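Since every read-out is calculated from the coordinates, none of them should be taken as a lab result. It should be emphasised that the depicted structure is a prediction, and the values quoted were computed from it without experimental measurement.
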Amino acid sequence: TPATVQAKKTKKVKIIEWFWANDGPKGGWQDVWVPYPAIVSAKIEASLNNKDDKCDVGGNRFVDLSDPKAFWQCRTDDPGRRRKVKREEKEQDVSDSEEEEEEE
């Protein structure tokens, strides 16, 4: 009898990641995008979804979410000092077995 092979089902999962602009090693100005840690990205995304004006990201800094066309990371002691922030949304294929592993 032929062996039965069960095909893995895959689905697209939306991945959202937030980045802040750092200065490049060769004297560039805010030209290197650095990802926030996953937990901080999730916190910023939750603040955006809650329509908060800002989100504390630690280190005496917050992300200004008041203008959906331009996000900024600002210092709490001097909000005029700021860096660009961007949000990236992408889709990733995830198989059923990968989801089961994550749930355990």
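Across the cross-link table entries K14/K69; K14/K51; K9/K86; K14/K54; K12/K51; K9/K69, which are compared at the Cα atoms, the separations over 30 Å belong to K9/K86; K9/K69. Multiplying the residue separation of K26 and K9 by 0.36 nm and removing their Cα-Cα distance gives an extension gain of 1.6 nm.
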